[in-house]
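Data block below; observations after.
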Amino acid sequence: MNNRADYRCDEQPAAAITLLQGTARTRHALANALARTQAPAVGETAALGSSTLFCLQPNAWWIVGNGDPHRDGDALLAEAIARGSSLDISPGQRILRLRGAGVVERLSQACALDLRLRTFGVGRCTRCRLADVAVVMHRVEEHTFDLYCPRSYGDYLATVLMPLPAPDKTRLCSATGRHG
């Protein structure tokens, strides 16, 4: 892609993020809350009422949404949380949303993941390093990614991922003494 400014990077409003760690019983309770035979596998997400469940490790999940999952009124979710250990990690996280046709190319320059749609499809999530910052990446749509990063690295990451303007060919030519 020649146009290097064909995507945007915006900070998203704060969300409630709960880290849930547990055992096979927790996984089973999450499957019941999702009305599925099993909980999502590592790298998968699932809608959980008004929240989204990210499976980041075999026994570790993030519950991301607008409310407190402890008080959302879903008895099955409350049971899953009760069967594990939960922690509100919202205050320590910032969410950056990157969207646009050039977002995959730009993210691929900053991390080692294969972000092609057939490999890292819509709804997938992963922990990774992006520009040397540990993040959780979630593909929301084909050309839209949410990055969850430590709050203290949010400005740095937003600056690193900021779209670069296309080079001014007139300036490049005049700097070399040639006219184009």
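The values are calculated or read from the model by the stated rules, or taken from the named source; none is laboratory data. Small disclaimer: the values here were computed from a predicted structure and weren't measured. Cβ placement follows ideal geometry from the backbone for every residue including glycine, while neighbour counts extend to all protein chains displayed.
Any chance the range 143-158 includes a residue that's farther than 22 Å from Ala46 by Cα, touching a residue at least 60 places away in the same chain (Cβ under 8 Å) and touching a Gly at 6+ places or on another chain (Cβ under 7 Å)?
Yes: the range 143-158 contains one or more residues that are farther than 22 Å from Ala46 by Cα, touching a residue at least 60 places away in the same chain (Cβ under 8 Å) and touching a Gly at 6+ places or on another chain (Cβ under 7 Å).
List pairs: first residue in the range 111-140 and more than 24 Å from Ala47 (Cα to Cα), second residue among the hydroxyl-bearing types (Ser, Thr, Tyr) and outside any loop (DSSP other than H, G, I, E, B) anywhere in the structure, Cβ distance under 8 angstrom, at least six positions apart or on different chains.
Leu113/Thr126; Ala131/Tyr156; Val133/Tyr153; Val133/Tyr156
Just checking, how many residues over the range 122-142 are under 24 Å from Ala16 (Cα atoms), part of a loop (DSSP other than H, G, I, E, B) and not charged (D, E, K, R)?
Residues flagged as under 24 Å from Ala16 (Cα atoms), part of a loop (DSSP other than H, G, I, E, B) and not charged (D, E, K, R) within the range 122-142 amount to 2.
Which of the residues spanning the range 89-124 are farther than 17 Å from Glu11 by Cβ and among the hydroxyl-bearing types (Ser, Thr, Tyr)?
Of everything in the range 89-124, those that are farther than 17 Å from Glu11 by Cβ and among the hydroxyl-bearing types (Ser, Thr, Tyr) turn out to be Ser108, Thr119.
When residues of the range 97-150 are filtered for being under 9 Å from the mean Cα position of the chain (by Cα), surrounded by fewer than 18 Cβ atoms within 10 Å (Cβ to Cβ) and hydrophobic (A, V, I, L, M, F, W, C), how many remain?
Count: 1.
Looking at the structure I just gave you, is Pro167 modelled with pLDDT under 90, over 24 Å from Gln21 (Cα atoms) and crowded, with 16+ Cβ neighbours inside 10 Å?
no
Answer yes or no as to whether Asp88 is at pLDDT below 95 and either under 27 Å from Ala24 (Cβ atoms) or assigned by TED's automatic domain parsing to the domain that holds Ala24 (or both).
So Asp88 passes the test.
Just the residues that are in a loop (DSSP other than H, G, I, E, B) and under 15 Å from Tyr148 (Cα atoms), please, taken from the range 102-121.
Cys111, the sole residue that qualifies.
Being modelled with pLDDT of 90 or more and either surrounded by fewer than 16 Cβ atoms within 10 Å (Cβ to Cβ) or assigned to a helix (DSSP H, G or I) (or both) is the filter here, so list the residues in the range 60-85 that pass it.
Scanning the range 60-85 gives a single hit, Ser85.
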